[in-house]
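Undergrad: Here you go, one structure.
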Amino acid sequence: MRYFCSQLVKLNFLGRRQTANLEEIGEDSAVVLSERPITLGAKQRIDCGIHTLEGIAGACTFDTVLGFFVHIRLDRASRWSPRRFAPRHLLLRPTMDSKATPLAMASGY
């Protein structure tokens, strides 16, 4: 399952540290919003207060208004779960459920 969230974190890579916002999280990946681009394939550390997540930057997309969305594949030893810690404003991300009722059946038409 994937979750939307919003929490300020410190993103560490190549000896540099910057403030970012944790936007999305799941068991094996996270998305942070950053003011600066991140080197693809670079080792990343996300400091979330007393909790730390580590992984590799797999993609970095730029939004002209918001900044850089950095997709990080978490290391196996750094898998996330809500039991480990819950970022602020944690909200389950809706997914398409294959068992959903088609609109025609649901509406009776």
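The values are calculated or read from the model by the stated rules, or taken from the named source; none is laboratory data. Everything numeric in this text was worked out from a predicted model, so none of it was measured. Cβ sites come from the backbone with ideal geometry, for glycine too, and all protein chains shown count toward neighbours.
Undergrad: Return the residues of the stretch 28-66 that are surrounded by fewer than 17 Cβ atoms within 10 Å (Cβ to Cβ), within 23 Å of residue 92 (Cα to Cα) and touching a Phe, Trp or Tyr at 6+ places or on another chain (Cβ under 6 Å); say none if nothing qualifies.
TA: 51, 61
Undergrad: Going by the structure shown, is residue 21 more than 12 Å from the chain's Cα centre (by Cα), of a type outside the set (Ser, Thr, Tyr) and either modelled with pLDDT of 95 or more or part of a strand (DSSP E or B) (or both)? Walk me through how you get there before you give the answer.
TA: Working: more than 12 Å from the chain's Cα centre (by Cα): no; of a type outside the set (Ser, Thr, Tyr): yes; either modelled with pLDDT of 95 or more or part of a strand (DSSP E or B) (or both): yes.
No: the conditions fail for residue 21.
Undergrad: Go through the stretch 61-81 and count every residue that is in contact with a strand residue (DSSP E or B) (Cβ under 8 Å, 6 or more places away or on another chain) and free of Cβ contacts under 8 Å to residues at least 40 places away in the same chain. Working first, answer last.
TA: The first filter runs over the stretch 61-81 and keeps only residues in contact with a strand residue (DSSP E or B) (Cβ under 8 Å, 6 or more places away or on another chain), leaving 61-63, 66-75, 77-78, 80.
The next check asks that each one be free of Cβ contacts under 8 Å to residues at least 40 places away in the same chain; those that pass are 61-63, 66-68, 75, 77-78.
Number satisfying all stated conditions: 9.
Undergrad: Please find, among 11, 33, 40, the residue that is at negative phi, under 11 Å from the mean Cα position of the chain (by Cα) and either of a type outside the set (Asp, Glu) or not in a strand (DSSP E or B) (or both).
TA: Numbers: 11 fails: under 11 Å from the mean Cα position of the chain (by Cα); 40 fails: under 11 Å from the mean Cα position of the chain (by Cα).
The unique qualifying residue is 33.
Undergrad: Mind listing whichever residues of the stretch 35-60 are among the aliphatic types (A, V, I, L, M) and either out of contact with any helix residue (DSSP H, G or I) (no Cβ under 7 Å at 6 or more places or on another chain) or in contact (Cβ under 8 Å) with a residue 40 or more places away in the chain (or both)? Show your work before the answer.
TA: To start, the set of residues in the stretch 35-60 that are among the aliphatic types (A, V, I, L, M) comprises 38, 40, 42, 46, 50, 53, 56-57, 59.
Passing the criteria: 38, 40, 42, 46, 50, 56, 57, 59.
Undergrad: Next question, about the same structure. Quick one: residue 77 ticks every box in (1) part of a strand (DSSP E or B); (2) at pLDDT below 95 except a single one, so which number is it?
TA: Result: residue 77 passes all but (1).
Undergrad: I'd like to check something: does the stretch 83-94 contain any residue that is part of a loop (DSSP other than H, G, I, E, B), surrounded by 10 or more Cβ atoms within 10 Å (Cβ to Cβ) and modelled with pLDDT under 75? Step through it out loud before you land on a result.
TA: Just the residues of the stretch 83-94 that are part of a loop (DSSP other than H, G, I, E, B), to begin with: 83-90, 93-94.
Then drop every residue that is not surrounded by 10 or more Cβ atoms within 10 Å (Cβ to Cβ), which leaves 84-90, 93.
Restricting the remaining residues to those that are modelled with pLDDT under 75 gives 93.
Yes - at least one qualifying residue is present in the stretch 83-94.
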